[in-house]
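The values are calculated or read from the model by the stated rules, or taken from the named source; none is laboratory data. Predicted model only: the values in this text are computed from it and were never measured. All Cβ positions, glycine included, derive from the backbone under ideal geometry; neighbour counts span all protein chains shown.
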Amino acid sequence: MITEKMTRELIGRQAYDARGEKVGKIGQIYLDERSGTPTWATVNTGLFGMKESFVPLDGADVKGDDVALGVQKDAVKDAPHVGQTSEHLSGREEDELRRHYDVSGDRTATGDGNGRAAAGDARGTREDTRDHDRADNGSMTRHEERLRVGTESEETGKVRLRKYVVTEDQQVTVPVSHEEVRLEREPIADGTPAAGNAKIGEDAHEVTLHAERPVVDKSTEAVEKVRLDTRTVTEDHTVSDEVRKEQVEVDDPNHQVSGRDGRDRH
């Protein structure tokens, strides 16, 4: 159970939902104005923690350095967009949050049931600051939320380089030679020794013929190197999210403020 004494210690702690999923860091604690019991907290959610959502502290507890909430992360993500000022929750806003989270309980606050925020300092410090703003020549400070967008690296996929074997036909033309037999006749002139010693009889002469034939052999050779490389491509990506800003309204029904029509907004 979270008590009023634990308020300061909760600021900045990591909050987890009922299933142990990370939700965001605690930003502000809202106290019941009559009992001082912590009833609501804001957690920084959304892109880069730029969105603030309200979560109930009913059923929440501190576990080590973290805060264990009694609600689911999806419910926090879809929480009503309330709390236009960081100091109070109206009764209507608190009822809307209770309906969303299905949280029951009586509001024991005085007046319209507003809760009071305590962010980092004691409860009186927040009230003193508000009184100082009112007494500072009637001025107040207007705030706006701004988107702060950065980048982070994440894994998008893997590319694998592998090789496999395919079979294809290859034709190579190679010249081959062979021997052929050609019959040649040469007359013998009279008076030569061969002409005078001639004899008639049978005789045979044999010639061996040769021919070339293609011989096929295979060898494996390295032909090229293939590798994977990466390059960085920069492109524009549009990011959108909800931001809140405070509006200043002048309530001047008697037209006592010069240069105003009675209900100016800025």
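Details
- Candidate set: the stretch 14-31, residues that are within 24 Å of the chain's Cα centre (by Cα) and surrounded by fewer than 16 Cβ atoms within 10 Å (Cβ to Cβ); chosen: the one farthest from Val149 (Cα to Cα): Arg19
- Listing of strands (runs of 3 or more DSSP E) fully contained in the stretch 1-114 that carry 2 or more residues being of a type in the set (Asp, Glu) and modelled with pLDDT under 85: none
- Among (1) within 30 Å of His81 (Cα to Cα); (2) of a type in the set (D, E, K, R); (3) exposed (fewer than 10 other Cβ atoms within 10 Å of the Cβ) - the single one Arg227 does not satisfy: (1)
- Matching residues, the stretch 185-224, being surrounded by 10 or more Cβ atoms within 10 Å (Cβ to Cβ) and at pLDDT below 90: Ile188, Ala195
- Evaluating Val149 against the criteria (1) at pLDDT 65 or above; (2) surrounded by fewer than 10 Cβ atoms within 10 Å (Cβ to Cβ) leaves one unmet condition, (2).
- Residue in the stretch 226-238 that is basic (Lys, Arg), more than 30 Å from Arg162 (Cβ to Cβ) and either part of a loop (DSSP other than H, G, I, E, B) or modelled with pLDDT of 85 or more (or both) present: no
- Test for Arg34: is it touching a Lys or Arg at 6+ places or on another chain (Cβ under 9 Å), charged (D, E, K, R) and surrounded by fewer than 15 Cβ atoms within 10 Å (Cβ to Cβ): yes
- Glu179 satisfies every condition listed in (1) modelled with pLDDT under 90; (2) touching a strand residue (DSSP E or B) at 6+ places or on another chain (Cβ under 8 Å); (3) not hydrophobic (A, V, I, L, M, F, W, C) except (1).
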